[in-house]
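What follows is a set of notes on a single structure, which appears directly below.
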């Protein structure tokens, strides 16, 4: 488990915004993940994300071990809410933005952002474009 403010945690997290002395970030405990994707469903519901797209992705590792004792590891890929978010800087429509109050990187509801330049500059999958397209492909 990583403690906020530890040297290891600081190295693992993207540069996240510090708002009123609070540094926001999200830590996914991969040692507890079973790959059920309930977090994807919850995110979709809370953020009103259309069915068929996602703001995050759970990646399953290659099989570890031999049958019948095969195991997998699961890794979460999602927006890192960078304080110097490349998607915000290159978006010519202003659809991508950093919320001044929370530091959260988001896309304005109802905006059409189908620009390939955004797909190339975002380092991780997970940023949803309200056109229903996801970066990285």
Test for residue 87: is it modelled with pLDDT of 80 or more and in a loop (DSSP other than H, G, I, E, B): no
Among (1) assigned to a strand (DSSP E or B); (2) modelled with pLDDT of 90 or more, which single condition is residue 76 missing? (2)
Quick check, is residue 126 touching a strand residue (DSSP E or B) at 6+ places or on another chain (Cβ under 6 Å), at pLDDT below 80 and part of a loop (DSSP other than H, G, I, E, B)? yes
Qualifying residue in segment 51-60 (condition: in contact with a helix residue (DSSP H, G or I) (Cβ under 7 Å, 6 or more places away or on another chain) and not in a loop (DSSP other than H, G, I, E, B)): yes
Tell me yes or no: at least one residue of segment 32-39 is in a helix (DSSP H, G or I) and either modelled with pLDDT of 70 or more or over 26 Å from residue 103 (Cα atoms) (or both). yes
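The values are calculated or read from the model by the stated rules, or taken from the named source; none is laboratory data. What you see is a predicted model, and the numbers here were worked out from it, not measured in a lab. Note: ideal-geometry Cβ built from the backbone for every residue, glycine included; neighbour counts use all protein chains shown.
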